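A short worksheet on the structure shown next.
Rule-based calculations on the coordinates, nothing more; no lab input. Only a predicted model underlies this, so the values are computations on that prediction, with no experimental measurement involved. Positions of Cβ are backbone-derived with ideal geometry, glycine not excepted, and every protein chain shown enters the neighbour counts.
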Amino acid sequence: MDCGVAKIILLFISLIFWAAGAGLAYVGHYVIKSFGSFDSLIQNKSTLIPAAIIIGISAVMFFVGIVGCCSTLRESKCGLSFFFLIIMLIFAAEVTALVFSFIYRGKINGQLERPIRDSLSKYNGEKNSDTEAVDSMQTLLKCCGVKNYTDWTNTTYFSTNKTLPLSCCKNSSSPQCNGRLEEKDQFNTEGCEPKLEKFIQDVLTYAMLVVVAFAIIKFFGMVSVCAITCKSRRNGYEPLYA
């Protein structure tokens, strides 16, 4: 790789480090926020590890961007070495986050039915964590019950009220929807387990794609640092600034 091209690549990478940091911070926050909406329904909290790693990576982005930009312009051997080390560590962390995301994406399958059924059994229509989690899930995902809406018929809530929760309604503000089973066309009939599983996997897939994109950028950054260093050595001079 030509030294001039390598410097341009490094400067470009340094400048986008700030944007990358903000982007990764948003992704990590988005994953945690998405999981937080169903906190009582997801028992495997280790699925948040990728998000924590991503946020940790973003925390050092701004500082690294400054170091990379200054070191590239001055061709500082010390600065470039430090920049290379940081990029390599971030690259390794991103690969780790990618691996964890891939692992936990597969572990989600079949782990949601039991906590959802438990929450449905504890649902009483009042303000508590289980009720709010179920209502939030059914409203956001437009679903009702675990496998389908008939799961509610086996709950204490249905035995007491003889109706489904209003969060099962296609339009909860509609006066026509009162949760009675005979008005099936007024509420969502699909179960929440497959929809929640797909939602979580989509969130992790989105995070994985973003991490892969940034990891590729880091890889080219490491190659560019090596190119500048090797070029300087072949020309038989030391960088002006150590």
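In the stretch 89-116, the residue that is nearest to Thr205 (Cα to Cα) out of those that are of a type in the set (D, E, K, R) and within 17 Å of the chain's Cα centre (by Cα) is Arg105. Within the stretch 117-161, the residues that satisfy the criterion of being of a type in the set (A, V, I, L, M, F, W, C) and within 26 Å of Gln201 (Cβ to Cβ) are Leu120, Ala133, Val134, Met137, Leu140, Leu141, Cys143, Cys144, Val146, Trp152.
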